[in-house]
Amino acid sequence: MYGTEQVTTQRETRVIQIPDGTPMVLPAGTSVRIAQALGDTYTLVTPRGQMVRLDASDADVIGKEAPAAPAESEAGTLEEQVWGQLRTCFDPEIPVNVVDLGLIYDCTVSDADESGQRQAQVKMTLTAPGCGMGQVLADDVKRKLEGLPGIATAEVEVVFDPPWNPNMMTEAAKLQLGMW
């Protein structure tokens with residue numbers, strides 16, 4: 001969702017400023033615009049024009065319900081499930097997931113260890129090297145992959161070689177953003 005819905009915060013909550021990644025407190029009673037509601041986060045715009053990221057676990061702050069936990073899916077291989085989870089991670093400023101944006105450079109899943117668990121290793125980049133949201137996005141990827149049955153740990157490395165450019169986006173992403 002990408003929108004213009006105005007709401008008033010119901011309680012004080014912690015958010016993350018976009019694009020620098022600085023934590024801040026959003027006071028109760030603040031009028032905000034919901035600019036984006038994708039994956040399990042909300043991008044809000046404050047009266048001062050600041051963009052902030054709200055985790056869906058705090059959705060009640062803006063009068064929304066936290067999304068239900070996804071049902072465990074056994075559809076597809078573990079690798080397909082991993083890529084599916086990556087597609088639920090969204091850039092907070094661009095309404096496109098990190099896979100279609102071309103931010104995921106590599107994703108491998110190790111062979112199962114003796115307990116049947118596997119490790120996911122991801123190399124990803126950012127749309128800009130100085131983006132303060134890099135660790136936030138990497139943490140999202142790690143958390144979501146480690147939530148998959150069969151994935152014991154996920155390692156996420158943010159790399160800048162090769163540098164990201166818009167040509168790395170999928171055709172669908174370019175169409176969605178009006179770049180075609």
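The values are calculated or read from the model by the stated rules, or taken from the named source; none is laboratory data. All of these numbers come straight from a predicted model, not from anything done at the bench. Note that we place each Cβ from the backbone using ideal geometry, even for glycine, and neighbour counts take in every protein chain shown. Note: areas computed on protein heavy atoms with side chains; ligands, DNA, RNA excluded. Shrake-Rupley method; radii C 1.70, N 1.55, O 1.52, S 1.80 Å.
Just a yes or no: is a residue in the range 129-137 under 30 Å from GLY3 (Cα atoms) and exposed (fewer than 12 other Cβ atoms within 10 Å of the Cβ)?
Let us first name the residues in the range 129-137 that are under 30 Å from GLY3 (Cα atoms), namely 129-137.
Next, only the ones that are exposed (fewer than 12 other Cβ atoms within 10 Å of the Cβ) stay: 129-130.
The answer is yes, given that some residue of the range 129-137 is under 30 Å from GLY3 (Cα atoms) and exposed (fewer than 12 other Cβ atoms within 10 Å of the Cβ).
Are there any pairs, at least 6 apart or on different chains, whose C-beta atoms fall under 9 Å, with the first in the range 137-153 and under 17 Å from GLN117 (Cβ atoms) and part of a strand (DSSP E or B) and the second modelled with pLDDT under 95 and of a type in the set (Asp, Glu), and if so, which?
Going by the 9 Å Cβ cut-off, the qualifying pairs are ALA152/ASP113.
Against the condition free of Cβ contacts under 8 Å to residues at least 60 places away in the same chain, among the hydroxyl-bearing types (Ser, Thr, Tyr) and open to solvent by less than 20 Å² (accessible area, probe 1.4 Å), how does THR125 come out, does it pass?
Yes: the conditions hold for THR125.
Taking the range 57-77 as the region of interest, how many residues are at pLDDT 90 or above and surrounded by fewer than 16 Cβ atoms within 10 Å (Cβ to Cβ)? Quick ask: steps written out before the conclusion?
Going residue by residue through the range 57-77, those that are at pLDDT 90 or above are 57-64, 77.
Cutting the leftovers down to surrounded by fewer than 16 Cβ atoms within 10 Å (Cβ to Cβ) gives us 57, 60, 63, 77.
So the answer is 4.
Quick check: is even one residue across the range 142-155 under 20 Å from ILE94 (Cβ atoms), modelled with pLDDT of 95 or more and hydrophobic (A, V, I, L, M, F, W, C)?
There is no residue in the range 142-155 that is under 20 Å from ILE94 (Cβ atoms), modelled with pLDDT of 95 or more and hydrophobic (A, V, I, L, M, F, W, C).
Looking at ARG48, is it of a type in the set (D, E, K, R), at pLDDT 95 or above and either within 18 Å of VAL7 (Cβ to Cβ) or not in a strand (DSSP E or B) (or both)?
Values: of a type in the set (D, E, K, R): yes; at pLDDT 95 or above: no; either within 18 Å of VAL7 (Cβ to Cβ) or not in a strand (DSSP E or B) (or both): yes.
Taking the combined requirement at face value, the residue does not satisfy it.
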